[in-house]
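Worksheet: the structure to be examined is printed underneath.
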Amino acid sequence: MLHLLLFLVFGALCIGGAINLLAQKHPISSALSLIVVMGALAGEYLLLGAEFVAVIQVIIYAGAVMVLFIFVIMLLNAGVEEHTRGSRVAWLLGIPGMIAVGLMVAWVLARNPAGISVPLGALYGSPKVIGRLLFREFLLPFEVTSILILIAIMGAVVLASPEHRRFPQPEPEEERELVAAGDRRGA
Amino acid sequence: MGIGTYIIVSLVKIVVALVVLLTAVAYIVLLERKLVGRIQNRWGPTRVGPFGLLQPLADGAKFLLKEDLTPPYVYKPLYLAAPMIALVFALTSIAVIPIGNWVSVGPVNTPLQITDLNVGLLILLGITSMGVYGVALAGWSSNSKYSLLGSLRASAQMVSYEVSLGLALIGVLILAGSFSLRDIVDSQAGTWWRWLPKWNLFKGQFVAFFIYLTAAYAETNRVPFDLPEAETELVAGYHTEYSAMKFAMFFMAEYANMVTVACLASLLFLGGWHGPVFGPNWLREVLPIFWFVVRVFFFIFLYIWVRGTLPRFRYDQLMAFGWKVLLPLAIANLVITAVVVALRS
């Protein structure tokens, strides 16, 4: 009973945050709504019994990735969005399409004979179990992911380095020779 | 214990913890002023009450009665919310910190901790990560160059030192085998040769202890890492445009973070509440709390002592130190601890 109540509260926070994210005009309010969504998701993970994933969600998503988003919004001074008047495509195709997809998903879920709810605490998520999985069955994907992140870091370092390190300019004597060679060829 | 009793006991624990924490924060401010004064060869506050002991009362009255100014061009929703965010996350971390063993008051048997989660240490790291928001949003919403620069510097510093903080704690985790704070303290019970206590500090986490302390000083923006708040640099950093109660909330959040760091250091490295226990039954239940408070007081004293003694780092020195010195040290500590534990088992 209490668990159903908690599930509904976290679910409402999630959906409310997501709708608020779309409805807000200032990007920083949208970013803060996204943080609320991630916190509510962490609550849902807790209800499923995956406590490690829940806390990691807070630490990494809400505590590091979203901080990065907020820095970008702060530093780029992204202002209030302007409101357009809406598009005809959205009215003709978008909203009926969304209703159709929603009904299809509901129908598929409803005719599932095994029931659609997962029991409380179904996901076995103690840190010990996750650690074993990460370092035994999923060792290769784990290491490959770290190389992926390393590539991203190297790309960021290259993009942020000053121009004269990326495109080396010739020395003044070489430049005079190049210009002279060009003149000789042209003349 | 039925659900009703559980809720009432939890509420009582929450109220007691909050009252004790906020009073402690107020008196730590007084302690800092007195101690820094003595280090600088002057008395601190001495006029309000005997030895200045009622000074926090005067400070509280001042903050409540001061004019609460909102500058005209701030982004109001975040300007008003940022101090609350900072204070809420600073106070939430008291929920997982244990201060003693189980006690029985009448028919109720309860641990001296609001909740004993089995991922308690991770929750504390998560709350530390979320604490960056109070600083970042305060500086940006204040619409002032000092605030923005101060908050960007402070957030970058906090994010950088969080990495070394977490890595330094993994050594302790490997030794204890659990994320639960109570289990980590219980693994430090007992003594070797009847006199050397089995603290994690002596079990090989000496370097990790100093890495943790240094990273924690940087996380809480205290000297020698307090450039984002230094008056000579940035007026007052991210809380330049705040007055009265909102400023008091930032102040309380900073000192509450200090208390959390002190509690964690005593739990993880200094054995928590273990100490000589003797005497009648009621004394046996109170003495662990006393030992814990002694350790926490020692760390707060250390914070204030360092503040009165050391000059501050320049910002580029600060960031270079965090990434080029502390991080490799923390990783080395982790690798060595892991290798030693693996070879031993």
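Every read-out reported here was derived from the displayed coordinates using simple, explicitly stated rules and does not represent laboratory data. Here the structure is a predicted model, which is why all the values come from computation and not from measurement. Ideal geometry is used to build each Cβ from the backbone, glycine not excepted, and the neighbour counts take in all protein chains shown.
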### Task
Compute the long axis of helix A:172-186 from its Cα atoms, compare it with the longest principal axis of the Cα atoms of chain A, and write down the angle in degrees, 0 to 90, nearest 10.
70 degrees
### Query
Under a Cβ-Cβ cut-off of 15 Å, what is the net charge of the residues other than B:PRO276 that fall near it, where Lys and Arg count +1 and Asp and Glu count -1?
+3
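Within a 10 angstrom radius of the beta carbon, how do B:MET158, A:MET104, A:MET1, B:MET84 rank from fewest other beta carbons to most?
A:MET1, A:MET104, B:MET84, B:MET158
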#### Entry: C-alpha long axis of helix A:66-75 to longest principal axis of chain A, angle in °
50 degrees
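Rounded to the nearest 20 Debye, what is the dipole magnitude of segment B:3-344 about its Cα centre when Lys and Arg each give +1 and Asp and Glu each give -1 at the C-beta? Provide the component values of the computation, followed by the final result.
Details: 24 positive and 17 negative charges, 135 e Å.
With only Lys, Arg, Asp and Glu charged at Cβ, the dipole is about 640 debye.
Across peptide B:132-140, what mean number of C-beta atoms from other chains lies inside 10 Å of a residue's C-beta?
3
Relative contact order of segment A:1-103, please, whole-number percent, based on alpha carbon pairs below 8 angstrom and at least 6 residues apart.
Contact order relative to length: 26 percent.
Which order do A:LEU139, A:LEU22, B:LEU91 fall in if you start with the one that has the fewest other Cβ atoms within 10 Å? Could the numbers behind the result be given before it?
Working: A:LEU139 11, A:LEU22 8, B:LEU91 20.
Listing A:LEU139, A:LEU22, B:LEU91 from fewest to most nearby Cβ atoms yields A:LEU22, A:LEU139, B:LEU91.
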### Query
In whole Hz, what ³J(HN,Hα) sequence does segment A:144-150 give by Karplus (6.51, -1.76, 1.60; θ = phi - 60°), x for Gly and Pro?
5, 4, 5, 5, 4, 5, 4
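Could you tell me the calculated FRET efficiency between A:ILE15 and A:VAL158, based on Cβ-Cβ distance and R0 = 35 angstrom, to the nearest 0.05?
Numbers: r = 41 Å, r/R0 = 1.16.
Efficiency, from the Cβ-Cβ distance: 0.30.
Could you compute the net charge surrounding B:PRO83? Neighbours are other residues with a C-beta less than 12 Å from the C-beta of B:PRO83; K and R count +1, D and E count -1. Each step should come with its number before you reach the end.
Working: positive: B:LYS246; negative: B:ASP68, B:GLU241, B:GLU254.
For residues surrounding B:PRO83, the net value is -2.
For chain A, what is the mean residue ellipticity at 222 nm derived from helices alone (per DSSP H run of n ≥ 4: -39500 (n - 2.57); sum divided by total residues; nearest 500 deg cm²/dmol)?
On the way: 9 runs with 126 residues, N = 187.
Rounded to the nearest 500, it is -21500 deg cm²/dmol.
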### Task
Please state the charge dipole magnitude for the protein assembly as shown, taken about the Cα centre, from unit charges on C-beta atoms (+1 on K and R, -1 on D and E), reported in debye and rounded to the nearest 20.
980 debye
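Around B:ALA168, under 12 Å between beta carbons, what's the net of Lys plus Arg minus Asp minus Glu among the other residues? Please report the intermediate quantities before stating the final value.
Details: positive: none; negative: B:GLU162, B:GLU219.
That sum, taken over residues with Cβ under 12 Å, equals -2.
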### Query
Once phi is turned into ³J(HN,Hα) by the Karplus curve 6.51 cos²θ - 1.76 cosθ + 1.60 with θ = phi - 60°, what whole-Hz value does each residue of segment B:183-199 show in order, with x for glycine and proline?
5, 5, 5, 5, 6, 10, 6, x, 9, 9, 6, 6, 9, 8, x, 7, 7
### Message
With just the Cα atoms defining each centre, how far is segment B:265-300 from segment B:93-152? Give it in Å.
### Response
22 Å
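Quick one: in the protein assembly as shown, what % of C-alpha pairs are over 31 Å apart?
Values: 79732 of 141246 pairs.
Across the protein assembly as shown, Cα pairs with separations above 31 Å total 56 percent.
Counting each DSSP H run of 4 or more residues in chain B as -39500 (n - 2.57), what helix-only mean residue ellipticity at 222 nm follows after dividing by all residues, to the nearest 500 deg cm²/dmol?
Values: 13 runs with 220 residues, N = 345.
Using -39500 (n - 2.57) per qualifying helix, the result is -21500 deg cm²/dmol.
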### Message
I need the peptides B:208-215, B:327-334, A:12-19, B:69-76 ranked by packing, meaning the mean over residues of other C-beta atoms within 10 angstrom, with the highest value on top.
### Response
B:208-215, B:327-334, A:12-19, B:69-76
#### Entry: Interchain or long-range residues, amide H under 5 Å from B:GLY49's placed H
B:LEU54
### Message
Just want the answer: with Cβ charges of +1 for Lys and Arg and -1 for Asp and Glu, which residue in B:LEU264, B:THR115, B:SER243 is farthest toward the dipole's positive end in chain B?
### Response
B:LEU264
#### Entry: Shielding by partners, peptide B:51-64 (average Cβ within 10 angstrom, other chains)
0
### Query
With chain A treated as a Gaussian network of Cα nodes joined by springs under 10 Å, which of A:PRO96, A:PRO168, A:PRO27 yields the largest mean-square fluctuation?
A:PRO168
#### Entry: Residue order, fewest to most beta carbons within 10 Å, for B:HIS274, A:HIS3, B:HIS239, A:HIS83
A:HIS83, A:HIS3, B:HIS274, B:HIS239
### Message
Using a Debye calculation, one point per C-alpha and no hydration shell, please list log10 I(q)/I(0) for segment B:199-345 at q = 0.16, 0.17 Å⁻¹ in order.
### Response
-1.00, -1.07
### Query
Counting alpha carbon pairs within less than 8 Å and at least 6 residues apart, what relative contact order, in whole percent, applies to chain A?
19 percent
### Query
If you find the alpha carbon centre of segment A:11-76 and of segment B:45-90, how far apart are they in angstrom?
29 Å
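I'd like the FRET efficiency for A:ALA90 and B:VAL20, computed as 1/(1 + (r/R0)^6) with the beta carbon distance as r and R0 of 60 Å, rounded to 0.05.
Values: r = 56 Å, r/R0 = 0.93.
That gives a FRET efficiency of 0.60.
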### Message
Would segment A:1-106 count as rounded, prolate or oblate if I go by the C-alpha gyration tensor, calling it rounded below 1.5 in a/c and otherwise prolate when a/b exceeds b/c, oblate otherwise?
### Response
oblate
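Normalised by the number of residues in chain B, what is the relative contact order in percent for Cα pairs under 8 Å and 6+ residues apart?
On the way: 478 pairs, mean separation 76.9, N = 345.
Once normalised by length, the contact order is 22 percent.
Is the shape of segment B:274-345 best called rounded, prolate or oblate, per the rule: a/c under 1.5 gives rounded, else a/b larger than b/c gives prolate, else oblate, with a ≥ b ≥ c the square roots of the Cα gyration tensor eigenvalues? Working shown, then result.
Working: a/c = 5.67, a/b = 1.40, b/c = 4.05.
Cα axes put segment B:274-345 in the oblate bin.
Can you give the FRET efficiency to the nearest 0.05 for B:LYS66 and B:ARG42, using r as the Cβ-Cβ distance and R₀ = 35 Å? If you can, show how the numbers build up before the last one.
Working: r = 26 Å, r/R0 = 0.73.
Computed FRET efficiency for B:LYS66 and B:ARG42 comes out at 0.85.
Mean Kyte-Doolittle hydropathy of -0.5 or higher plus an axial Cα length of 24 Å or more: which whole DSSP H helices in chain B meet both? Present the calculation step by step, with values, prior to reporting the outcome.
Working: long enough: B:3-39 (52 Å, 1.92); B:76-92 (25 Å, 1.57); B:145-176 (46 Å, 1.18); B:244-268 (36 Å, 1.42); B:281-309 (43 Å, 1.22); B:327-344 (26 Å, 2.11).
Span-like helices in chain B: B:3-39, B:76-92, B:145-176, B:244-268, B:281-309, B:327-344.
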